[in-house]
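All remarks here apply to the structure that follows.
The values are calculated or read from the model by the stated rules, or taken from the named source; none is laboratory data. Owing to the predicted nature of the structure, the values given are computational and were not obtained by experimental measurement. All Cβ positions, even for glycine, are placed from backbone atoms using ideal geometry, and neighbour counts span all protein chains on display.
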Amino acid sequence: MTIKLLHQYAGLPDPFHARLAPTPVARAMPIAINTSLGKRLGLDPQWLTSADGLDVLAGNRVMPGSRPLAQAYAGHQFANWVPQLGDGRAHLLGEIQAPDGRIVDLQLKGSGPTPFSRGGDGRSSIGPAVREYLATEAMAALGVPTTRALAVVSTGEQVLRDKPEPGGILCRVASSHVRIGTFEYFARNGHAEHVQTLADFVIDRHDPDLAEQPDRYLQLFDRVARRTTALVAHWMSIGFVHGVMNTDNIAVSGETLDYGPFGFLDTFAPDTAFSYIDRRGRYAWSRQPAIAHWNLARLAECLLPLFDSDPNQAIEKANDRLNRIPGDFETEFHARLCRKIGLEPSDEASALALNLLQRMADNAADMTLSFRALSHLQAEAGEDDLNARALFNTPEEFDQWAAEWRSVCLRDGRDQIERQRQMQGVNPAFVLRNHLAQRAADAAVNDQDFGPLHEMLRVFTRPFQDQPEFVPYQQPPKPEEVVANTFCGT
């Protein structure tokens, strides 16, 4: 089989990319092949798992007609401007069109050095590759917009990090890999014509209905802003912390991109930040909306000349859009919180949900288990309350809240069984807790044991089912298992 590749990004001018093939590896071995995703993309599962397919997934064979490249971009990293970043260890093989008409990128990550490597070896340890594969599939099962993993393979080579580790390559699927930092790369280097070219590319790929609109660039910004605020609201509703929301890690498609130092909250503590280098908590759970707003302001700066030929009018239009973002986020986030407590969005329901979060924070309650326990409660207090009460340092704090919640539910009048069903569909029983992701990565690196990866895939791709046989995966970490810091894995 030969994959029919499109080359839309390769068709952009030379400054957008560097053309080069992946670096072959010594001995490729399949670790996980996502055949179900492959089928949805129109790829033959037998080919994906064949020797020919493995050669492509490992970067050992460039398919006929392929035009592999590394993308150029820049970015603000922890608010500091870095004028050139780019794909330092990734190669875009091209795009494929799925049977449903959707066009997606096919990218290898860990596939060798590029002109953007900045002295790096262009490779990845198998640990981060396993961790990202597991994370993307867990997030997709939770309904969160995300890049996906088509495969992870070992390379038969060692990479030197703190110590020698076995190498791995991830094959990533994305609606596109255009980032806010891609726009910054051209705008801040004075290439206005390339900014417009990139904006037109994004419209064509993600928002083709805007192509003929006279204010299409303003509307494009609005779309990117809405996608971004909705994504962050979704993250926060399930306790997800991206970890490194630099502008080069924010995709304009609204998909979660780059699973480096990510993590899920165990105990609900809003100021939690996981990245080892995030000493000041810039990317903590509670700060993600403000950082998204800040990042979107950087995008607006890039697009100003396209908003209006009059600079003053352009700034006024940009500020008008930016001023809407906090309210849009609040609306989206509060709606998700209301659904998590089984109520339709309203001021009363929002206040009730926010009060629950405050009580959870004050009582060191586990976020995922608290909401899941709530989704099993009956219309009257009873034995089902015990699981929720046990999660609070002061159980009476939960009792007081639950009494008020039941009063609101009674006035709401909805059948409690239907309410439970709806709540169990938005409050997962399982999330990829940090110690579990680390366990899978450590097993891969230290023992070349991929059993934990495959078992966790079975669990975390069914997050809204109770799965009594996998209760240990539902539990928070023991004190000795806590993973307080996570790393980018570069």
TODO: Inspect all residues belonging to region 304-315 and state whether any of them is touching a helix residue (DSSP H, G or I) at 6+ places or on another chain (Cβ under 8 Å), not assigned by TED's automatic domain parsing to the domain that holds ALA351 and not in a helix (DSSP H, G or I).
DONE: yes
TODO: Any residue in region 257-273 that's within 20 Å of ARG359 (Cβ to Cβ) and among the polar types (S, T, N, Q): show its pairings with residues that are assigned to a loop (DSSP other than H, G, I, E, B) and modelled with pLDDT of 95 or more at Cβ separation under 8 Å, as long as the two are six or more apart or on different chains.
DONE: THR267/ALA364; THR267/ALA365; THR267/PRO476; THR272/LEU265; THR272/ALA284
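Would it be correct to say that ARG462 is closer than 30 Å to ASN249 by Cα, in contact (Cβ under 8 Å) with a residue 24 or more places away in the chain and among the charged types (D, E, K, R)?
On the way: closer than 30 Å to ASN249 by Cα: yes; in contact (Cβ under 8 Å) with a residue 24 or more places away in the chain: yes; among the charged types (D, E, K, R): yes.
Taking the combined requirement at face value, the residue satisfies it.
Looking at region 51-67, which of its residues are charged (D, E, K, R) and not in a loop (DSSP other than H, G, I, E, B)? Outline the logic, then answer.
Applying the first criterion (charged (D, E, K, R)) to region 51-67 yields 52, 55, 61, 67.
Selection gives ASP52, ASP55.
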TODO: Kindly provide the set of residues from region 437-485 that are of a type in the set (Phe, Trp, Tyr), surrounded by fewer than 19 Cβ atoms within 10 Å (Cβ to Cβ) and under 19 Å from the mean Cα position of the chain (by Cα), ordered by number.
DONE: PHE464
Task: Hey, GLY156 out of contact with any Gly (no Cβ under 9 Å at 6 or more places or on another chain), surrounded by fewer than 24 Cβ atoms within 10 Å (Cβ to Cβ), touching a residue at least 12 places away in the same chain (Cβ under 8 Å) and of a type outside the set (A, V, I, L, M, F, W, C) or not - done: no
- [ ] Mind listing whichever residues of region 437-482 are of a type in the set (A, V, I, L, M), closer than 27 Å to SER375 by Cα and in a helix (DSSP H, G or I)?
- [x] ALA437, MET456, LEU457, VAL459, VAL471
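Quick check on my filter: what residues within region 36-53 are aliphatic (A, V, I, L, M) and surrounded by fewer than 14 Cβ atoms within 10 Å (Cβ to Cβ)? Please lay out each step first, then the result.
First pass over region 36-53, keeping only residues aliphatic (A, V, I, L, M): 37, 41, 43, 48, 51.
ALA51 - this is the single residue of region 36-53 that is aliphatic (A, V, I, L, M) and surrounded by fewer than 14 Cβ atoms within 10 Å (Cβ to Cβ).
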Open item on the list: Within region 391-407, take every residue that is within 34 Å of the chain's Cα centre (by Cα) and under 22 Å from VAL426 (Cα atoms) and give me the one that is surrounded by the most Cβ atoms within 10 Å (Cβ to Cβ).
Closed with: PHE398
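Is it the case that some residue within region 215-223 is closer than 30 Å to GLN448 by Cα and not in a strand (DSSP E or B)? Explain how you work it out, then say what you get.
Here is the first cut: in region 215-223, the residues closer than 30 Å to GLN448 by Cα are none.
No - not one qualifying residue is present in region 215-223.
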TODO: Could you list all residues from region 104-145 that are in a strand (DSSP E or B) and hydrophobic (A, V, I, L, M, F, W, C)?
DONE: VAL104, LEU106, LEU108
- [ ] Output yes when any residue across region 58-65 is buried (at least 20 other Cβ atoms within 10 Å of the Cβ), closer than 23 Å to ALA140 by Cβ, within 24 Å of the chain's Cα centre (by Cα) and touching a residue at least 60 places away in the same chain (Cβ under 8 Å), and no when none is.
- [x] no
Open item on the list: Can you find a residue that is crowded, with 17+ Cβ neighbours inside 10 Å, assigned to a loop (DSSP other than H, G, I, E, B), at positive phi and not assigned by TED's automatic domain parsing to the domain that holds LEU352 anywhere in region 416-436?
Closed with: no
Open item on the list: Conditions first: (1) touching a Phe, Trp or Tyr at 6+ places or on another chain (Cβ under 6 Å); (2) outside any helix (DSSP H, G or I); (3) not hydrophobic (A, V, I, L, M, F, W, C). PRO289 passes all but one, so which condition is the exception?
Closed with: (2)
Open item on the list: Looking at region 189-206, I want the residues that are buried (at least 16 other Cβ atoms within 10 Å of the Cβ) and have a partner that is part of a helix (DSSP H, G or I) and among the β-branched types (Val, Ile, Thr) with Cβ atoms under 7 Å, at least 6 apart or on another chain. Which pairs are those?
Closed with: LEU198/THR182
- [ ] Have a look at HIS76, HIS91 and point out the one that is in contact with a Leu (Cβ under 7 Å, 6 or more places away or on another chain), at pLDDT 95 or above, outside any loop (DSSP other than H, G, I, E, B) and not acidic (Asp, Glu).
- [x] HIS91
Open item on the list: So, restricting to helices (runs of 4 or more DSSP H) that lie completely within region 343-398, which ones have at least 1 residues that are under 28 Å from THR331 (Cβ atoms), of a type in the set (S, T, N, Q) and touching a residue at least 24 places away in the same chain (Cβ under 8 Å)?
Closed with: 347-362, 367-374
